[in-house]
Amino acid sequence: HQKFVKDHVVLIGCPKLDDVDYTDKLMHIIRDNDIQSISLVRMQVPCCGGLQRAAEMALRESGKDMPLTITIVTPDGHLL
């Protein structure tokens, strides 16, 4: 919580359960706001790779250059 949530704007999604392409939505959020960096926290399961791909693609399509940090949480709760 202290590292990833406190004092940050948090977006939550599940590409397996949500019937939506996150790329366009994220691209508009990135493009239309004064965002300095993106930290993506995802689980170490294949379907969560969709969130990472959407964030990477959205950042490219936004035309902005900013850091994108990816943190992967293992099934037993460790951070990679």
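The portion of the accessible surface of the chain made up by carbon and sulfur, rounded to a whole percent, is 55 (1.4 Å probe; DNA, RNA and ligands excluded).
With axes computed from alpha carbons, what is the tilt in degrees of helix 22-32 against the longest principal axis of the chain, rounded to the nearest 10 within 0 to 90? It works out to around 50 degrees. Basic side chains Lys and Arg get +1 at the Cβ, acidic Asp and Glu get -1 at the Cβ, and with that the dipole of the chain about its Cα centre reaches some 200 debye.
Partner lysines whose Cα lies under 21 Å from the Cα of Lys64, excluding those fewer than 8 positions away in the same chain, are identified as Lys25. The slack in the chain from Lys3 to Asp18, taken as 0.36 nm per residue of separation less the alpha-carbon distance, amounts to 2.8 nm. In the chain, the longest principal axis of the Cα atoms and the axis of helix 49-62 are about 20 degrees apart. Take the chain with all the other protein chains still there, run a 1.4 Å probe, and you get 74 Å² of accessible area per residue. For the stretch 7-43, backbone nitrogen atoms closer than 19 Å to the point 7 Å from Ile70 Cα along Cα-to-C-beta are found at 11-17, 21-27, 30, 37-43.
Name the residue from Met57, His8, Tyr22 whose Cα lies farthest towards the positive end of the charge dipole of the stretch 1-65, charges +1 on Cβ of Lys and Arg and -1 on Cβ of Asp and Glu. Of Met57, His8, Tyr22, it is His8. Solvent-accessible area of His8, probe 1.4 Å, all protein chains present, reported in Å² to the nearest ten, please. So the heavy atoms of His8 present about 100 Å² to solvent.
The values are calculated or read from the model by the stated rules, or taken from the named source; none is laboratory data. All figures in this text were calculated on a predicted structure; none of them were measured in a lab. Backbone-built Cβ (ideal geometry, glycine too); neighbour counts: all protein chains shown. Note: accessible area is taken over every heavy atom of the protein model, side chains too, but ligands, DNA and RNA are not part of it. Shrake-Rupley method; radii C 1.70, N 1.55, O 1.52, S 1.80 Å.
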